[in-house]
Amino acid sequence: MDKILILDFGSQTTQLIARRIRDLGVYTEIIPGDSPLADNIIAPDVKGIILSGSPESVNGKGAAPDRKIYDCFRVNNVDVMPLLGICYGLQRMTHDLGGKVESLQHVEYGRIEVKIKGQGSKTGDGIESGEKKIKISGLTEKFLSRFKDSFTAWMSHGDTLTELAPGFYEYGTSATGYSAVVAHEQKPWFGLQFHPEVTHCEDGDRILGAFIFDVCGCEKSWSMEHYIDELNQTLKERAAGNPVLLLISGGVDSTVAGAALLKALKPDQVHLMYFDTGLMRKNETEFVRKSLEKLGAKNLHIIMCGEEFLSELKGKTDPEEKRKIIGDLFITIQEREVSRLKLPDSYLLAQGTLYTDLIESGKGVGKKAHVIKSHHNVASPLVDAKRKAGKIIEPLDRLYKDEVRRLGRFLGVDEEIIRRHPFPGPGLATRILGEVTREKCDILREADAIFIQELKNRKNVSGEISLYDDIWQAFAILLPIRSVGVAGDERKYGFICALRAIISSDGMTADVYPFEARDLIEISTRITNSVKEIGRVTYDISSKPPATIEWE
Ligand code: XMP
C-alpha cells in the first residue's frame with residue numbers, strides 16, 4: 001500500500017498533516033524527525049516524505065533528519081524521493097542543503113496572503129524567478145499549477161529563508177515579502193512556509209493532494225474495505241492457528257479489536273475476557289455480554305470479581321491509594337484468571353492499542369506528543385511478558401479513533417458502543433469520592449443511568465442530534481457528604497450528586513457543556529425523584545485545566 005512518511009519535528013500540527021492525507025485516501029505514518037532511516041523504511045512503499053513543522057529553530061535545538069532523505073532513490077517513475085517541507089520542514093531543507101535561515105524581527109502568525117509569481121508556469125514555458133526564467137520539470141509544473149495566483153494561507157514562524165539552497169527558486173511570497181513557496185529546479189522537492197494542513201489555509205487539501213497524487217504518484221488505497229482485507233490476512237498469519245486472548249473493557253477500542261479478531265479468525269480461536277470489578281455502570285456487564293455474543297464470540301470469559309475489589313477498597317479514602325489498590329488487584333486477578341484458562345504457551349495476547357496510543361507512549365512514533373494515558377494505565381506483567389516474547393497483536397495500531405469507529409461500523413459493532421463516551425479503567429471508584437461501598441456504587445449507578453438516558457432522549461439546541469452525541473463525556477459523581485433537605489414534613493440528609501458534561505477532542509483539555517437551564521433542572525428533578533438517597537444535584541462548571549475531567 002502506498003505510504004507517505006511524515007518526519008515529526010514536534011509541531012502541534014503533525015497529526016493534522018497525517019489526518020488530512022489519510023482523508024484524501026493515502027496511508028500515512030509519523031516517525032520522529034531524526035530517526036535513522038533504514039533503506040527498507042524508505043522503499044518501496046514510501047512514495048514521498050513530508051518534513052513537519054517544529055517549535056524549534058534550525059539554528060538552535062531543532063532536530064535534523066537522516067541525510068538519506070536527500071539521496072534515497074525510488075524505484076518507481078521518479079528517481080528521487082519527493083520531499084515536502086512544511087514551515088520548519090522547509091527551513092530544515094534549506095539549511096541542510098546549503099541555504100540560509102535567519103530569525104524574523106516579528107513573528108508571522110495567523111492568516112496571511114500568499115502571492116504566486118512565475119506566470120509562465122501554467123503555460124509550460126518555465127517560470128520567472130527574479131531576472132531568471134527557469135525551465136521546470138513536468139512534475140514540478142503539475143504541482144505548482146494547482147496553486148491559485150493568490151490565496152490566504154496560515155502561518156506561524158519566527159525564522160525565514162534569507163538565502164535559498166542551490167537549485168531552489170522562489171515560487172510564491174507572503175504579503176510581507178518572505179518566501180512562502182519554493183521548489184527545486186529538477187528534483188521533486190518543495191517547501192511551504194505556511195501550513196496547508198490547517199483548516200484556515202485556503203486550498204490546503206488541494207495543495208497536499210497535488211503533492212501526494214501528482215508528485216508522489218500515490219494510489220488512493222487507504223479505505224476501510226482495503227484495511228479490513230489486509231487486516232484479516234495479517235491476523236490470520238500472525239495467529240497461525242494459535243489461540244488469541246483479548247481483554248475486553250466494554251469500550252469502543254477493545255470491542256472493535258474483538259470484532260476484528262472474530263471476523264478474521266475461527267471463533268474457537270478467540271478468547272475474550274472481561275472483568276466485572278463491581279465498579280461498572282448500570283447493566284454494563286449484560287450489555288457487554290450481549291454485544292460480544294452478537295459479534296460471534298464463543299469463548300467469552302466474564303469474571304465477576306466485585307467482592308474482591310470492594311473488600312480491598314473498604315475504609316480507603318485517598319484517591320491515589322484507591323487507584324493503586326485497583327491497579328494491583330486487577331493484575332493479580334488477571335494473572336490468576338488467564339492461567340486458569342490453561343491456554344498453550346503459544347497463545348497471543350491482543351490489545352486495542354490505537355495509533356495515537358503508540359504516539360503518546362513514544363513507541364517510535366512522534367516524540368513530543370502529549371501523554372494522556374500513561375498515568376492511567378497500569379503496566380501489566382502479562383502484557384510485558386507477551387510483548388517481550390513477540391506475542392502481542394494490535395489490530396488497531398494504525399488507526400485513529402474515528403477510523404476505529406468506522407471500522408467498527410463495517411464489522412457490525414453496535415452503534416451504541418461506537419458512540420459510547422469514554423469510561424475510566426478504575427470505573428466508579430474515580431467518581432465516588434471518599435470510601436467506595438456497594439451502597440454508594442448502587443446509588444451512583446442509578447443516578448448516572450438516569451443522566452445518560454436523559455441525554456440520549458434530549459436533543460441539542462440545533463435539534464439535530466441528541467445531547468449525548470453532542471457531548472464528549474458525561475457522568476454523575478457521588479460526593480462523600482450529605483446535605484439537608486425535606487421529605488414530606490421531615491428533614492432528610494441526602495447525598496449530593498454532581499453532574500459533569502464536557503466537550504473535548506482528546507480529553508487533554510475540556511470545556512463545560514453549555515446546557516439549557518431547563519434540561520439541567522428537569523434532569524435534576526428526575527434524579528432526586530427516582531434515587532431517594534440523593535437530596536441535591538449540582539452541575540460542575542469547571543473547565544480542564546485547571547480541573548480534571550474525573551473528580552477522583
Ligand atoms: P482526567 O480526569 O485526567 O481524565 O482529566 C482524562 C480522560 O481520561 C479518562 N481517565 C481514564 N481512562 N484509565 C482510563 O483508561 C484511567 O485510569 C482513567 N482516569 C481517567 C477520563 O475519563 C477522561 O476521559
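FYI, it's all coordinate maths here, none of it is from the lab. These numbers come from a predicted model, not from an experiment. Using ideal geometry, Cβ is built from the backbone for each residue, glycine included, and neighbour counts are taken over all protein chains shown.
Listed by chain and number, the aspartates and glutamates placed with their C-alpha closer than 17 angstrom to that of Lys532 are Glu439, Asp442, Glu446, Asp448, Asp489, Glu490, Glu522; residues fewer than eight positions away on the same chain are left out. Measuring between alpha carbons in the structure, the pairs from Lys266/Lys388; Lys298/Lys391; Lys266/Lys298 lying more than 20 angstrom apart are Lys266/Lys388; Lys298/Lys391. Here the scattering of the stretch 3-215 is modelled by Debye summation over its C-alpha atoms, one equal scatterer each and no solvent; at q = 0.07, 0.15 Å⁻¹ the log10 of I(q)/I(0) is -0.18, -0.90. Per-residue packing, averaged as other Cβ atoms within 10 Å, sorts the ranges 529-537, 50-58 into the order 50-58, 529-537, beginning with the highest.
If you take all other residues with their beta carbon under 10 Å from the beta carbon of Gly25, and give Lys and Arg +1 and Asp and Glu -1, the sum is -1.
Other residues whose C-beta falls under 13 angstrom from the C-beta of Leu265 contribute a net charge of +3, scoring Lys and Arg +1 and Asp and Glu -1.
Sorting 28-35, 181-188, 313-320 by average packing, meaning the other beta carbons within 10 Å per residue, from highest down gives 181-188, 28-35, 313-320. Computed over the chain, the range of Cα coordinates on each principal axis works out to 92, 58, 41 Å, biggest value leading. Each of Cys497, Cys87 was scored by other Cβ atoms within 10 Å of its Cβ. Listed from fewest to most, they are Cys87, Cys497. Find the centroid of the Cα atoms in the stretch 1-53 and in the stretch 432-493, then give the distance between the two in whole Å. Here the two parts' Cα centres lie 44 Å apart. The orientation-averaged projection of the convex hull spanning the C-alpha atoms of the stretch 137-184 amounts to 3.9 square nanometres.
In this model, which of Lys290/Lys316; Lys68/Lys386; Lys100/Lys148; Lys3/Lys142; Lys47/Lys386 are farther than 25 Å apart at the alpha-carbon? Intermediate values should be presented prior to the final figure.
Working: Lys290/Lys316 34 Å; Lys68/Lys386 35 Å; Lys100/Lys148 27 Å; Lys3/Lys142 20 Å; Lys47/Lys386 34 Å.
Flagged as over cut-off: Lys290/Lys316; Lys68/Lys386; Lys100/Lys148; Lys47/Lys386.
Peptides 258-265, 449-456, ordered by how many other C-beta atoms sit within 10 Å of their residues on average, highest first, read 258-265, 449-456.
What percentage of all Cα-Cα pairs in the stretch 230-418 are separated by more than 27 Å?
29
Relative to the Cα centre, the charge distribution of the stretch 142-281, modelled as +1 at Lys and Arg Cβ and -1 at Asp and Glu Cβ, gives a dipole magnitude of about 420 debye. A DSSP coil position with no more than 16 other Cβ atoms inside 10 Å describes the following GluC sites (Glu not before Pro) in the stretch 202-306: Glu219.
Give me P(r) over the stretch 444-500, computed from all C-alpha to C-alpha distances, binned every 5 Å, as integer percentages. Pairs per bin, as whole percents: 4, 18, 19, 17, 14, 12, 9, 5, 1.
Which of the three applies to the stretch 374-498, rounded, prolate or oblate, going by the alpha-carbon gyration tensor with a ≥ b ≥ c and a/c under 1.5 meaning rounded? Since a/c reaches 1.5 but b/c is at least a/b, the shape of the stretch 374-498 is classed as oblate. Summing Lys and Arg as +1 and Asp and Glu as -1 over all other residues whose Cβ lies under 11 Å from the Cβ of Lys316 gives a net charge of -1. Over all Cα atoms in the stretch 1-71, the spread is summed up by Rg and Dmax: 12.2, 37 Å.
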